[in-house]
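Below you'll find the structure, written out as structure tokens, and then a few comments.
Rule-based calculations on the coordinates, nothing more; no lab input. All values reported here derive from a predicted model rather than from experimental measurement. Neighbour counts are summed over all protein chains in view; Cβ atoms, including those assigned to glycine, are modelled from backbone coordinates with ideal geometry.
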Amino acid sequence: MSGTSQAATLFDLCGGHPALDLVNSLDNRFRSDGPHERLASYGDLLRFLEESRLLSRERVRLLNQAVPPEAAERTLQSARELREATAALFYGTLAGDPPHAADVRVLEKHFHDASQHRELRWQAAQLEASGNAARSHDRAALAWQWGRYEAEPDLPLWVMAHEVSDLLLSDEMARVRTCAVDTCRWLFLDTSKNHTRRWCNMKVCGNRMKARRFQARRED
């Protein structure tokens, strides 16, 4: 399946959850001519998080400017490791197979590492002007934040590990599906009313399958 143009967005975020979009960033993973790597650089990883609205444009800009090449490459390789362990678990689960212990250990390592780099902070209520008065539209509460770790090269890795953990340990796992097109098989979260969604993207794989069926009927 092809992504959108560089001028618009680099990633097709049709998975419904960042963890699934991360797996889909290795495009064409089941095609005979081999997969296409969309996380080709640290900059691509940052852009993925920006387009997923997990990092601000300003934070992405600062990391792009400040992270040394060696550290950027290490983070990129770790992000791919996280992605492939996540992919193995999702695709294995969908096939009815238990996860491999090695993949679980990889995920465990990344989840622990991410949790150790968050800070628990008190977040004050946000005030919004309403006429002559200010009213609170968000209650004050404790919240996990990245705090002093926001400038670390591994920030995008930790953010993604948190997202993967959030999905894998939730009831939403029961809604994860794979695209019905054999050469695609992108993952997506089926939030349709009757849980009957079959394609990752109706405009691409859905229309492609409909065209094939139409052609098959004409040839019968």
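Numbers below:
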{"read-out": "Packing-based ranking, highest mean first, of 99-110, 69-80, 9-20 given that Cβ atoms within 10 Å are counted", "value": "9-20, 69-80, 99-110"}
{"read-out": "Distance (nanometres) between label positions extended 7 Å along Cα→Cβ at Leu94 and Arg148", "value": "4.2 nm"}
{"read-out": "Amide H within-cut-off set for Asp190, under 5 Å, with H built and near neighbours excluded", "value": "Val176, Arg177"}
{"read-out": "Residues with amide H under 5 Å from that of Arg29, placed H, sequence gap 5 or more", "value": "His36"}
{"read-out": "Amide hydrogen neighbours beyond the local backbone of Arg198, cut-off 5 Å, H modeled", "value": "none"}
{"read-out": "Exposure proxy ranking, count of Cβ atoms within 10 Å, fewest first, for Phe111, Phe188, Phe48", "value": "Phe111, Phe188, Phe48"}
{"read-out": "Hz values of 3J(HN,Hα) by residue in the range 172-183 - Karplus curve (6.51, -1.76, 1.60), Gly and Pro given as x", "value": "5, 3, 5, 9, 6, 10, 10, 4, 6, 7, 4, 7"}
{"read-out": "Full-extension gain in nm, Asp138 to Glu73, via 0.36 nm per residue minus C-alpha separation", "value": "19.5 nm"}
